[in-house]
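See structure below.
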Amino acid sequence: MKSTNKVTKKIKLLLVILCLPCIYHLTSNISLAQTFDSASYHIDWGNFNMTSGKKTSTNYQLTDTVGQNAPGKFTSTGYTVKAGFQYIYDSMAQFSFAISDIDLNFGSLTPNVGSTQTNTVTITTPSGKGYEILAIANHPLQTISSSTIPNTNCNSGCSNSGVWTQSNKYGFGFNATGHGTSSYFTDSTYFRPFASTSQGDQPVTFMSENSSVTDHSALITYKINISPYQPAGTYQNLINLIAIPKY
């Protein structure tokens, strides 16, 4: 006889923000720049110009440097030079990452009926830089007595991501839709399993962009589908969402 036990699942999400800035070490025998001193002031900047700063009005915002020799952004292999007072404002931009809900409770589940919960991640990165957001669980969903719900294998396999719509395909997985997710999920029917530290996995990227963003968000959908033979109990795990800025 098929078991009709309902299974209660609770997923706790732990927010982890990991910032990995690049550190550049530059050496030079001689470095020359102008400084100006008097009893009343000390100026470290290497030039004078006609005007510089941040200008705003109802219709625009402008940062500029006028009169300086060769202002602008210059790049080559191994370095980037930003010459001009307007680049001061780059350092004022702040990296931020937020999750709308970090404690998701699925309640009682019915076999062969997929159940979902959602939350939203929102990210802002400094000017000219992008980000990656990765996910990893501490272990598959499990009870204190170590009964487990496996990671989803989608309809016909999803080591990366795949369509998961069939009611007789069981497990736990997630989907993300919104900014920076289209490279990882074709649409809302595509899911992927969670990487797991207990199984020696590395975190998996599910959202990324290569330029500065302000309040870009994505909706994460967590899905569980259990078989009629799933042992009853309270299942839970811990999911790390890791935001890494690109420098």
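The values are calculated or read from the model by the stated rules, or taken from the named source; none is laboratory data. Just so it is clear, the model here is predicted, and its values are computed rather than measured. Glycine gets a Cβ as well: all are built from the backbone with ideal geometry, and neighbour counts include every protein chain shown. Surface areas here come from the heavy atoms of the whole protein model, side chains and all, with no ligands, DNA or RNA. Shrake-Rupley method; radii C 1.70, N 1.55, O 1.52, S 1.80 Å.
Values as computed for the structure displayed
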| item | result |
| --- | --- |
| Computed log₁₀ I(q)/I(0) - Debye formula, equal Cα scatterers, no solvent, region 164-242, q 0.11, 0.12 Å⁻¹ | -0.37, -0.43 |
| Gain on full stretching of the segment that runs from Val66 to Tyr247 - 0.36 nm per residue minus C-alpha separation | 62.4 nm |
| Accessible surface ranking that places the most exposed of Thr234, Thr124 first, with a 1.4 angstrom probe | Thr234, Thr124 |
| Label-to-label distance, nm, for residues given as Asp187 and Asn59 (7 Å Cα→Cβ offset) | 4.2 |
| Compactness of region 111-152 - radius of gyration and Dmax, Cα, Å | 16.6, 49 |
| For region 92-177, alpha-carbon Rg and Dmax in angstrom | 16.5, 52 |
| Two-site label geometry, Ser40 and Ser76: point separation in nm, points 7 Å out along Cα→Cβ | 4.2 |
| Separation in nanometres of the label points that stand 7 Å from Cα toward Cβ, at Thr234 and Thr205 | 3.8 |
| Cut-off 9 Å between beta-carbons: net charge of the residues surrounding Gln61, Lys and Arg +1, Asp and Glu -1 | +2 |
| Tail weight of P(r) past 19 Å, computed on alpha-carbon pairs of region 77-225, percent | 59 |
